[in-house]
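The values are calculated or read from the model by the stated rules, or taken from the named source; none is laboratory data. Here the structure is a predicted model, which means the values were calculated and not measured. Neighbour counts run over all protein chains shown; Cβ positions are idealised from the backbone, glycine included.
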Amino acid sequence: MAENENETQPQEPATQANGEAPAMPQIRPLAQYIKDMSFENALAQRGLKGQAQPEVSVQVALDAKKREGQEDQYEVTGKFTVRSKNKDSEEMLFLLELEYGGIFHVSNVTDQQLHPFLLIEAPRLMFPYVRRIVSDVTHDGGFPPLNLEPIDFVKLYRQGLAQRAQAQQPAGTA
């Protein structure tokens with residue numbers, strides 16, 4: 001049986017100058033924890049007039065910084081603000097503020113790739129835990145458990161870059 005010379009052969013990974021394959025970027029969680037959390041059940045404090053039709057909004061802010069004295073270790077913090085308002089009256093039903101942190105060991109990542117890597121990959125690893133905390137806290141606070149929809153951290157990162165670029169433009173050129 002003759003082999004077809006036009007068939008595609010598996011590609012070898014790109015090699016470095018010394019002939020070795022480049023090391024793959026790695027991120028390893030060392031710790032994850034709640035830095036700060038508050039839950040306010042405004043509905044229980046004032047009571048409900050009529051029927052509630054909840055409308056939920058979620059805001060996310062991310063930050064990353066190198067840990068002092070620790071090689072290749074970074075702390076990534078996500079601030080999640082979850083507000084639920086009554087659709088008709090705009091009255092607050094509950095407010096959940098969660099600051100969730102993680103410590104990660106990062107290796108084989110260039111300085112140029114580090115910022116997006118930390119603000120995309122680390123939050124992806126933390127998100128299932130954040131989702132569970134939000135679900136548990138809203139349930140324990142007297143509401144049905146709130147299961148957050150998946151967050152597109154790549155899109156969130158790009159939006160942050162666009163906002164920073166726009167803020168750096170002189171006022172006259174905007």
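Structure summary
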| item | result |
| --- | --- |
| Residues within the range 92-148 that are surrounded by fewer than 15 Cβ atoms within 10 Å (Cβ to Cβ) and over 11 Å from the mean Cα position of the chain (by Cα), tallied | 15 |
| Of all residues in the range 80-91 being surrounded by fewer than 19 Cβ atoms within 10 Å (Cβ to Cβ) and modelled with pLDDT of 95 or more, the one that is farthest from E121 (Cα to Cα) | R83 |
| Odd one out for G142 among (1) assigned to a helix (DSSP H, G or I); (2) in contact with a Leu (Cβ under 9 Å, 6 or more places away or on another chain); (3) touching a residue at least 40 places away in the same chain (Cβ under 8 Å) | (1) |
| When residues of the range 1-46 are limited to those that are among the basic types (K, R) and either under 24 Å from L118 (Cβ atoms) or touching a helix residue (DSSP H, G or I) at 6+ places or on another chain (Cβ under 6 Å) (or both), the one modelled with the lowest pLDDT | R28 |
| Members of the range 70-117 that are of a type in the set (V, I, T) and without any contact (Cβ under 8 Å) to a residue 60 or more places away in the chain | V76, T77, T81, T110 |
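Let's see how each residue does on (1) of a type outside the set (K, R); (2) assigned to a strand (DSSP E or B); (3) more than 23 Å from M24 (Cα to Cα):
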{"residue": "K79", "(1), (2), (3)": "no, yes, yes"}
{"residue": "L96", "(1), (2), (3)": "yes, yes, yes"}
{"residue": "E99", "(1), (2), (3)": "yes, yes, yes"}
{"residue": "F104", "(1), (2), (3)": "yes, yes, no"}
{"residue": "F117", "(1), (2), (3)": "yes, no, no"}
{"residue": "E121", "(1), (2), (3)": "yes, no, no"}
{"residue": "P150", "(1), (2), (3)": "yes, no, yes"}
{"residue": "L161", "(1), (2), (3)": "yes, no, yes"}
